[in-house]
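Each remark here refers to the structure printed beneath this line.
Only the coordinates and a few stated rules stand behind these numbers; no lab work does. Treat the numbers as computed from the prediction; the structure is a model and nothing was measured. When we count neighbours, we look across all protein chains shown, and the Cβ atoms used for this are built from the backbone with ideal geometry, even at glycine.
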Amino acid sequence: MRHQNSGRKFDRDGSSRDAMFRNLAANLFTHERIETTVQKAKELRRIAEPMITKVARLGADANAETVSDPAIASERLALKRSIASYLPRWQVRIVEGQPERIDVTEHLFREIAPRFVGRKGGYTRILKTGFRRGDNAEMCLIELVVRDPKVGAKTAISVSPVTEAVRAEAPKSRNAEEPPAAV
């Protein structure tokens, strides 16, 4: 029986599992949508949502640069240090087609948590996408419910003239009107 043994082990030791979830949480906060297995997403939800809740409970006033109340300022600093000790510091993400380097903890405090300041919970959603080709693992997207539309937006990809010429010379697929070639 598994009494008081909550959480999945993923066939990893504790430090490897912690490192995996630290990186998954940092990627979720950075990109606001990641693809992973359903089991990892469900465990990640147990880590990411309490972080957002703690930061959002400080309120919109606590996210300002200068806080007048010393109690809130010290609570904010303690929480920021606690979260910074868990998450990796720097990540790179694509915003409107350009790479941008962000501090994950600051991003969580300044951009993500203020979106959820009146919400009771349910900051993430899991969307099942199918099965992975190699091992048939069930895959899903885990994303923040309220996302920034600029994050991950791709610009129009320009095709070089050489690529267009190669595509034009490529053999066309057979049409239904053409009879198959005799062998």
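Exposure proxy ranking for Met20, Met1, Met51, based on other Cβ atoms within 10 angstrom of each Cβ and starting from the fewest, stands as Met1, Met20, Met51.
Could you compute the net charge surrounding Thr37? Neighbours are other residues with a C-beta less than 12 Å from the C-beta of Thr37; K and R count +1, D and E count -1. Present the calculation step by step, with values, prior to reporting the outcome.
Numbers: positive: Arg8, Lys40, Lys42, Lys128, Arg132; negative: Glu35, Glu43, Asp135, Glu138.
Every neighbour counted, the sum reads +1.
For region 10-130, what is the Kirkwood estimate of the hydrodynamic radius, computed as the reciprocal of the mean inverse distance between distinct Cα atoms, to one decimal in Å? Walk me through the intermediate numbers first.
Numbers: mean 1/r = 0.0649 Å⁻¹.
This gives a value of 15.4 Å.
Spin-label model, Gln4 to Asp103: label points 7 Å out along the Cα-to-beta-carbon direction sit 4.0 nm apart. Net length available on complete extension from Val38 to Val92 is 17.0 nm, with 0.36 nm assigned per residue and the Cα-Cα distance removed.
With 10 angstrom as the radius, rank Tyr123, Tyr86 by how many other C-beta atoms surround their C-beta, starting from the fewest.
Tyr86, Tyr123
Placing a label point 7 Å from the Cα of Phe131 along the Cα-to-Cβ direction, the residues of region 19-54 whose backbone N falls under 16 Å of that point are 37-39. The ranking of Asp69, Asp103 from fewest to most other beta carbons within 10 Å of each one's beta carbon is Asp69, Asp103. Just to verify a number: FRET efficiency for Arg110 and Asp13, C-beta to C-beta distance, R0 = 30 Å, to 0.05? E between Arg110 and Asp13, to the nearest 0.05, is 0.30.
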